[in-house]
Protein chains: 2
Amino acid sequence: MTVASEFEVANQQYVATFDKADLPMPPGRKVFVLTCMDARLDPAKFLGLEEGHAHVYRNAGGRAAEALRSLIISQQALGTEEVVVIHHTDCGMLLIHEEEFRNTVKKNTGEDVSHVAFLTIQDLQKSVKTDVELLRKNAAIKDVPISGYIFDVKTGKINKVNV
Amino acid sequence: MTVASEFEVANQQYVATFDKADLPMPPGRKVFVLTCMDARLDPAKFLGLEEGHAHVYRNAGGRAAEALRSLIISQQALGTEEVVVIHHTDCGMLLIHEEEFRNTVKKNTGEDVSHVAFLTIQDLQKSVKTDVELLRKNAAIKDVPISGYIFDVKTGKINKVNV
C-alpha cells in the first residue's frame, strides 16, 4: 500500500466538510512565507494560517536563492506585499556538507551532481540573515517588509532574528 | 502592523499546546509531497498529515524541475521512499505566459529576467505527467513510487492523474 492511497482515503474526510470553494486566488493576507520542507513543520498551524491567507513556499532549508521565481510570481502576479523567512533548529541542512553529500549522491546513484549547490547551512542566524539580505538586494524583488525567524522544533516557537 | 507580528501572536497559541518536542528528523511516513504554494492549499489538512509525517515541498505551480535539490536531500539524507506530485485547478501558473510575464517584471522592476524559466502551465494533466516523468527519468532520483494528482480548489478533492 502506497502512502498516496492513504492520502486518497484521508482526503475524503477533507472533502466531506469542505467549505472553501469560493476563495480568491490572491493570498488574502498578502504575505509570502518562505520556510523548510521539514516534516516537523506545519506552517499553517504554527502561524495561524487558514486556506486563502498566504503563499507558503517550502524547500530544503527554506533557502531564498531557490525561491526567486516563485516570489516574483507571488509579487507581480498575485499581489503579496510582505515576506517572512523561517528557518528552524535541528534542520537537516545543518548536517549535510556540500562536497561530502555530492560524493554520497554519486556513490548511491551513480550521478554526478557536482553542478548542484545544495545550499547547506552552517549557522541558522547567518542563514536567515543571508536569505533576507539576498531578497532585499535582488532588484527583481519588491521593496517590501521582509522579516526572519528561527522555528524551534523543541518548543514550536518562532524566534525573531534581527535582520 | 506587519503580518509577521500577527504571526508572532498566533504562534503563542501553538506554543501553549505544543507536544511535538520529540519527533525525529526523518519523515515518519517516508514520503515527499511536491505541491504548489497557492494560498488555498493546505496539504497537511487535505492529505491528513500531522507534524513528523512528510516532507512538504511547495513552489509556484508545484513544479518538479525546481525541486530536484530538495528531493535528492529528502531521499539520500532523510530516507523518503515515495513521491506524490499535486498540481491544482485555477493555478496562477495557468494565467501566466512566459514572455509576457518577463515583460511585466521588466516593466515593473526594471530587471531583465529573461534568464528565468517561470515554468508556466498550459494544461494540468500535462504538467502533472511532465513532472512525474521528469522525476522518473532523472538518474539522481531514486526509483520509487511516484504518483500524480490534481487538487480541485472547488471541492477539496485530489483527483488522480494516470501517469
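Think of each Lys and Arg Cβ as +1 and each Asp and Glu Cβ as -1; about the Cα centre, that makes the dipole of region A:25-158 roughly 160 debye.
Inter-copy label distances at residue A:111, using a point 7 Å along Cα-to-Cβ, come to 2.7 nm with the shortest given first. Bridges between two residues of the protein assembly as shown, per DSSP, are antiparallel at a rate of about 20%. The mean count of C-beta atoms from other chains within 10 Å of the C-beta of residues in A:148-161, rounded to a whole number, is 4. In order along region B:35-47, the Karplus-derived 3J(HN,Hα) couplings, from 6.51 cos²θ - 1.76 cosθ + 1.60 at θ = phi - 60°, round to 8, 8, 6, 2, 4, 7, 9, 10, x, 4, 5, 7, 10 Hz, and Gly and Pro are given as x.
Each other copy holds its own label point for residue B:143; taking that point as 7 Å from Cα along Cα to Cβ, the gaps run 5.5 nm, nearest first.
Comment: the Cα-to-Cβ extended label point of residue B:65, at 7 Å, lies 2.0 nm from its counterparts in the other copies, nearest first. Per residue of B:65-72, other chain Cβ atoms within 10 Å of the residue Cβ number 6 on average.
Residue order for A:100, B:82, fewest other beta carbons within 10 angstrom first, comes to A:100, B:82. When chain A is turned onto chain B, the axis of that turn runs closest to one Cβ of chain A, and that residue with its distance in whole Å is A:58, 2.
How large is the dipole of the protein assembly as shown about the Cα centre if only Lys and Arg carry +1 and Asp and Glu carry -1, each at its Cβ, rounded to the nearest 20 debye? Spell out each step's value before the answer.
Details: 38 positive and 44 negative charges, 46 e Å.
For this selection, approximately 220 debye.
Comparing B:126, B:107, B:137 in a Gaussian network model of chain B, where Cα atoms under 10 Å apart are tied by springs, the biggest mean-square fluctuation is seen for B:107.
Structure note, pairs A:154/B:160; A:107/B:137; B:45/B:126; A:106/B:137; A:137/B:137; B:30/B:126: Cα-Cα distances above 28 angstrom occur for A:154/B:160; A:137/B:137. Within region B:25-158, antiparallel bridges make up roughly 5 percent of the DSSP beta bridges whose residues both belong there. Modelled spin labels at residue A:155 and residue B:107, positioned 7 Å past Cα toward Cβ, are 4.8 nm from each other. Our note on the geometry: Cα centres of region B:96-125 and region A:1-55, 26 Å apart.
No value in this document is a laboratory result; all are computed from the given coordinates. Because the structure is a prediction, the values reported are computed rather than measured. Quick reminder, even Gly has a Cβ in these numbers, built from the backbone with ideal geometry, and neighbours come from all protein chains shown.
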